[in-house]
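K.L.:
Mind having a look at this structure? Questions to follow.
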Amino acid sequence: MSASDSIWLALLLPLLGAVGILLAGRIGPNLRESVTLVTAGALAWNVWGLIPALMAGERPEFTLLQVVPGIEIAFKIEPLGMLFAALASGLWIVNSIYSIGYMRGNNEKNQTRFYIFFALSLAATMGIAFASNLFTLFLFYEALTLSTYPLVAHKGDRDTVNSARVYLGILLTTSIGLLLPAIIWTYLAAGGGEFTAGGILEGKVEGPALGLLLGMFVFGIGKAAVMPVHRWLPAAMVAPTPVSALLHAVAVVKAGVFSVTKIIIYIFGVEHLFSTPSSAWLLYAAAFTIVVASLVALRQQNLKRLLAYSTVAQLSYVVLAAAVLKPLAEIGASIHIVAHAFGKITLFFAAGAIYVASKKTELSQLAGIGRRMPWTMTAFTIGALSMIGVPPTGGFVSKWYILAGAFESDNYVAIFTIIASTVLNAAYFLPIIFAAWFGKEAMDGGKEHGEAPWPAVLALTFTAALTILFFLFNGPVIELERQLLGAVS
Amino acid sequence: MTALQAHLPALQVVVPMLSAPLAMLLREHRLSWALATAASLCAFAIAISLTLSVIDTGGMRYLMGSWPAPFGIELGVDAMSALLLLIVTGASSLALIAGASSLDREIEVERQPLFYAAWLLALAGLCGILVTADAFNIFVFMEISALASYVLVAGGPDRRALPAVFKYLVMGTIGATFYLIGVGLIYLMTGTLNLDDIVYRIGEVAEVKPILIAAGFISVGLALKAAIFPLHVWLPNAYTFAPHVVTVFLAACSTKVALYVLLRFNFVVFKPYLEDHDLKFAIFLLPLSLLAILVGSAVAMFESNLKRMLAWSSVAQIGYITLGASLVSVAGLTASLLHIFNHALAKSALFLALACLAISVSKLRIENIGGIAKRMPWTMAAFLLAGLSLIGVPGTAGFVSKWYLITATFDSGPLGILLVAVIVVSSLMAVVYIWRVVECAYFRETDEAQSAREAPLMLLLPTWAAVLLNFYFGLFPGVPLELSSSAATLLLGQTP
């Protein structure tokens with residue numbers, strides 16, 4: 001099987017999985033979940049199998065079809081997309097195990113629908129990761145928005161549907177309103193939208209127009225949640241926690257920052273942007289988002305909403321790193337996609353586990369919960385430390401690279417933002433951790449409970465371990481992303 | 001075979017027209033349905049065959065009774081008419097197939113043969129407009145199709161159809177009369193009715209003022225027929241109260257055919273020898289298009305009758321089509337013609353889905369379909385997917401034409417940015433009015449939905465055929481795109 005076969009398999013496997021889940025759902029839940037797990041395993045095996053070829057310098061390609069001359073649905077694997085695909089497909093396995101514990105522990109309805117759309121959204125994610133031109137990227141970007149809508153609206157009551165409406169509304173408004181015109185502008189100006197090392201806009205779009213186009217891309221990609229288009233993310237927290245964990249900490253939001261990074265590197269060209277003053281605003285927009293989202297997170301009382309605002313801030317780390325426009329910072333951006341994914345999925349898993357075991361959702365209820373759920377809260381602590389960026393967690397590695405890139409260009413805005421944000425992160429995570437371990441449990445009729453169902457605990461322990469392991473063994477990832485340097489300079 | 005091939009332009013009209021009296025004479029409604037469907041499918045096959053030969057050879061001419069051109073009546077099929085013929089015959093066939101199970105609820109069995117006869121006459125008239133190359137002939141066929149469609153619209157059980165159809169009749173007649181006055185003036189000045197001939201004779205006319213007046217009468221008359229804003233007022237009620245499959249047929253065809261004549265007259269006939277005609281045409285059409293897009297979409301957002309909502313959306317979509325035309329560029333006209341095709345696909349699928357819904361829901365209002373997706377999953381899935389095409393989500397036919405339209409507007413200078421903004425805003429409004437229905441059907445609960453049953457297979461099949469075509473032509477837009485772009489170059493008189 002050649003590498004380009006793996007590309008269409010990566011798209012086809014989740015689709016086949018969705019059909020399989022539909023059929024197996026009529027027989028029984030155990031068979032249905034087996035189909036999910038087998039599909040997730042096969043997808044990860046298939047995607048991860050591409051890594052050696054990529055490390056050897058190959059760039060496998062696959063053209064699905066040509067819509068009209070010049071516009072085709074085509075895929076090409078490069079380091080950034082590979083990392084994103086490997087991350088999403090790998091964590092899908094863990095998340096599926098967690099979902100089994102969560103969905104059954106919570107007696108959720110319509111579980112078959114849930115697993116089907118989960119598989120579909122993974123197919124869309126693979127399409128985004130491997131897209132070789134802007135048109136293909138946009139196609140799967142919209143597919144991801146639409147396939148996650150039923151997951152966000154899963155509960156189906158009035159509040160949930162209203163929040164899901166905000167979710168869909170903001171994502172579609174930004175993508176149709178800004179991203180699509182930006183893409184068409186690019187196609188007209190550059191004569192195509194192929195992702196090319198060094199960018200395609202040099203000499204085609206210059207001066208203030210370049211800054212405007214960059215703005216249309218960054219705010220058009222609503223999934224990157226740069227303020228003020230971040231509101232869909234807190235709204236999406238009405239979804240079941242596995243959705244928040246895999247989609248709104250990894251697949252969907254990372255699809256956003258991944259697209260921004262990829263467009264900066266392969267469409268604009270880092271050096272072209274660096275030499276154009278009108279693009280400098282992006283750094284400030286990202287810095288503003290980081291600081292303000294952290295301040296908002298500080299005031300949240302609901303655990304999942306706090307995590308949502310923390311995600312908004314952390315996503316802008318990636319945008320900020322990409323906007324520093326230095327090779328080391330671009331590597332930092334890609335590594336932060338991974339590091340934040342491990343940490344944040346752990347935090348969401350923990351929040352979901354707490355909800356399943358105790359139905360608690362507010363920060364004030366969490367006092368003393370560490371003694372009832374030691375595994376969960378240990379994992380939560382590790383995740384939170386990674387968000388702050390304390391060694392030995394993954395968050396430290398990416399922060400190191402981003403700071404290194406910022407120093408390389410004496411970018412004090414970026415440096416001070418990262419420092420300020422570290423302080424703010426500590427300010428909202430440490431009190432929770434402290435209260436959970438050392439606080440006194442309020443006895444207001446709360447029921448006796450222990451840990452959540454074992455699949456959930458297994459999953460969150462595993463991702464917490466990954467968070468620490470990423471600090472120790474990040475070599476291969478950095479090796480892979482160093483190949484970006486070729487594309488950057 | 002080749003002998004038959006040469007007569008296809010004539011047969012395109014003759015087949016449905018001669019089937020009409022037969023359908024009436026067959027007193028058994030099933031038989032006349034079968035005949036009408038067979039005739040419509042036959043017309044569809046002829047249209048496909050014509051399209052293939054147009055792609056091969058670039059066009060076909062046919063002399064009625066072998067009389068030479070300016071004296072006898074000439075028929076002609078080129079890329080533009082081929083595209084429209086595909087839409088008209090295809091939509092008619094799909095709607096008739098769906099009609100087998102849908103019409104029995106709306107029209108008494110004994111009146112059905114008459115109804116099918118009227119349908120075939122309407123089809124013959126629309127095909128006639130598309131194949132003929134004679135200005136007066138167009139008027140005759142326009143009246144045939146219009147009179148027949150008044151009957152079709154009035155056929156439904158809802159008594160409110162009668163005032164709606166009366167309005168439609170009055171406005172349609174005014175439009176046709178305006179057109180006739182224009183043609184009369186042209187005949188007076190040039191002494192010919194053959195379209196190709198008129199083009200050259202206009203160049204020889206010393207006094208152009210009557211020609212200009214004729215152009216005004218013809219354009220306004222056709223704008224009435226095509227429901228171009230603000231002459232669209234007959235459209236929402238006519239679509240709403242017509243029997244459901246008639247709406248499918250009309251929405252896909254009747255306004256589109258009027259637009260075809262409008263474009264043909266203004267670009268092929270008037271543009272070559274009238275000074276600045278294209279500019280005047282654009283100035284007349286552009287603001288109206290923008291208003292149509294915005295007003296149509298805005299009203300659709302607040303309309304709770306589903307059929308009327310889609311009808312208002314049609315007003316907006318006609319605005320897209322005229323917007324593309326008013327850019328007066330190959331790219332703009334390509335986008336415009338492609339959107340005629342793609343919008344017909346999306347709207348037929350949507351109206352077919354509503355016909356499915358109507359089997360179980362007494363009133364097609366948004367309050368009455370709460371939670372119906374559980375009972376009618378196939379119907380609502382079809383509505384949702386066709387809705388995505390209407391919005392213009394990538395991968396659907398609607399996206400392809402929107403892409404071309406935005407590309408064309410970007411090309412048209414600084415004004416382009418404003419136009420892009422209008423298109424974008426209206427797309428977002430489309431999200432709102434489609435999603436309102438989707439949300440209600442999937443997440444609300446009403447009593448009526450509990451007793452609903454999935455629509456019969458004979459209805460679901462054409463609906464899903466239309467839905468799948470939306471995706472097929474979203475991924476492989478080759479044929480309609482090729483036809484549209486060669487039609488656009490034809491209209492602008494350039495060789496590609």
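The values are calculated or read from the model by the stated rules, or taken from the named source; none is laboratory data. These figures come from a predicted structure and were not determined experimentally. Positions of Cβ are backbone-derived with ideal geometry, glycine not excepted, and every protein chain shown enters the neighbour counts.
K.L.:
Which ones in the range A:41-83 are within 14 Å of another protein chain (Cβ to nearest Cβ), touching a strand residue (DSSP E or B) at 6+ places or on another chain (Cβ under 9 Å) and either over 30 Å from A:Trp185 (Cα atoms) or among the β-branched types (Val, Ile, Thr) (or both)?
P.N.:
Here is the first cut: in the range A:41-83, the residues within 14 Å of another protein chain (Cβ to nearest Cβ) are A:63-74.
Retained after the next criterion (residues that are touching a strand residue (DSSP E or B) at 6+ places or on another chain (Cβ under 9 Å)): A:63-67, A:71-74.
Result: A:Thr63, A:Val67, A:Ile71, A:Ile73.
Per-residue answers, yes or no, for (1) crowded, with 20+ Cβ neighbours inside 10 Å; (2) under 25 Å from the mean Cα position of the chain (by Cα); (3) over 23 Å from B:Leu121 (Cβ atoms):
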| residue | (1), (2), (3) |
| --- | --- |
| B:Ser40 | yes, yes, no |
| B:Ala45 | no, yes, no |
| B:Met64 | no, no, no |
| B:Ala82 | yes, yes, no |
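K.L.:
Moving to a separate point now. Among the listed residues B:Leu364, B:Leu345, B:Leu415, identify the single one that is out of contact with any Lys or Arg (no Cβ under 6 Å at 6 or more places or on another chain) and surrounded by fewer than 24 Cβ atoms within 10 Å (Cβ to Cβ). Give the derivation first.
P.N.:
Numbers: B:Leu364 fails: out of contact with any Lys or Arg (no Cβ under 6 Å at 6 or more places or on another chain); B:Leu345 fails: surrounded by fewer than 24 Cβ atoms within 10 Å (Cβ to Cβ).
Going through B:Leu364, B:Leu345, B:Leu415 in turn, the sole match is B:Leu415.
K.L.:
Hey, another quick one. Within the range B:393-414, is there a residue that is more than 13 Å from chain A (Cβ to nearest Cβ) and in a helix (DSSP H, G or I)?
P.N.:
no
K.L.:
Under 7 Å by Cβ, and 6 or more places apart or on different chains, what pairs join a residue from the range A:195-213 that is under 23 Å from B:Ile417 (Cβ atoms) with one that is assigned to a helix (DSSP H, G or I) and among the aromatic types (Phe, Trp, Tyr)?
P.N.:
A:Leu201/A:Phe268; A:Gly211/A:Trp281; A:Leu213/A:Trp185
K.L.:
Just the residues that are polar (S, T, N, Q) and touching a Gly at 6+ places or on another chain (Cβ under 7 Å), please, taken from the range B:260-319. Can you show your working first?
P.N.:
Pass one, the range B:260-319, residues polar (S, T, N, Q): B:266, B:289, B:297, B:304-305, B:313-314, B:317.
Passing the criteria: B:Ser289, B:Ser313.
K.L.:
Can I ask one more? Among the residues of the range B:228-251, is any more than 30 Å from B:Ala386 (Cα to Cα) and either surrounded by 20 or more Cβ atoms within 10 Å (Cβ to Cβ) or of a type in the set (Lys, Arg) (or both)?
P.N.:
Taking the range B:228-251 first, the residues more than 30 Å from B:Ala386 (Cα to Cα) are none.
So far as the range B:228-251 goes, no, none of its residues is more than 30 Å from B:Ala386 (Cα to Cα) and either surrounded by 20 or more Cβ atoms within 10 Å (Cβ to Cβ) or of a type in the set (Lys, Arg) (or both).
K.L.:
Out of the residues in the range B:443-459 meeting the condition of being surrounded by fewer than 21 Cβ atoms within 10 Å (Cβ to Cβ) and at pLDDT 85 or above, tell me which one is farthest from the other protein chains (Cβ to nearest Cβ).
P.N.:
Here the answer is B:Met458.
K.L.:
Among the residues of the range A:378-402 satisfying the criterion of being surrounded by fewer than 23 Cβ atoms within 10 Å (Cβ to Cβ) and aliphatic (A, V, I, L, M), which is nearest to A:Leu307 (Cα to Cα)?
P.N.:
A:Ile388
K.L.:
Quick check, is B:Val432 on the phi < 0 side of the Ramachandran plot, within 12 Å of another protein chain (Cβ to nearest Cβ), not polar (S, T, N, Q) and not in a helix (DSSP H, G or I)? Please lay out each step first, then the result.
P.N.:
Numbers: on the phi < 0 side of the Ramachandran plot: yes; within 12 Å of another protein chain (Cβ to nearest Cβ): yes; not polar (S, T, N, Q): yes; not in a helix (DSSP H, G or I): no.
So B:Val432 does not fit the description; no.
K.L.:
Follow-up question, since we're still on this one. Taking only the range B:476-495 into account, find how many residues are surrounded by fewer than 20 Cβ atoms within 10 Å (Cβ to Cβ) and touching a residue at least 24 places away in the same chain (Cβ under 8 Å).
P.N.:
Number satisfying all stated conditions: 6.
K.L.:
Give just the number: which of (1) in contact with an Asp or Glu (Cβ under 7 Å, 6 or more places away or on another chain); (2) farther than 21 Å from A:Val229 by Cβ; (3) within 12 Å of chain B (Cβ to nearest Cβ) does A:Ser175 not satisfy?
P.N.:
Evaluating A:Ser175 over (1) in contact with an Asp or Glu (Cβ under 7 Å, 6 or more places away or on another chain); (2) farther than 21 Å from A:Val229 by Cβ; (3) within 12 Å of chain B (Cβ to nearest Cβ) leaves (2) as the failure.
Table: residues versus (1) in contact (Cβ under 8 Å) with a residue 12 or more places away in the chain; (2) surrounded by 15 or more Cβ atoms within 10 Å (Cβ to Cβ); (3) among the aliphatic types (A, V, I, L, M); (4) within 22 Å of A:Leu122 (Cβ to Cβ).
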{"site": "A:Leu37", "(1), (2), (3), (4)": "yes, yes, yes, yes"}
{"site": "A:Ile51", "(1), (2), (3), (4)": "yes, yes, yes, yes"}
{"site": "A:Leu65", "(1), (2), (3), (4)": "no, no, yes, yes"}
{"site": "A:Ile77", "(1), (2), (3), (4)": "yes, yes, yes, yes"}
{"site": "A:Phe84", "(1), (2), (3), (4)": "yes, yes, no, yes"}
{"site": "A:Gly90", "(1), (2), (3), (4)": "yes, yes, no, yes"}
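K.L.:
Mind checking which pairs have a first residue in the range A:383-410 that is on the phi < 0 side of the Ramachandran plot and a second that is among the basic types (Lys, Arg) and outside any helix (DSSP H, G or I), Cβ under 7 Å, 6 or more apart or different chains?
P.N.:
Going by the 7 Å Cβ cut-off, the qualifying pairs are A:Gly405/A:Lys326; A:Glu408/A:Lys326; A:Ser409/A:Lys326.
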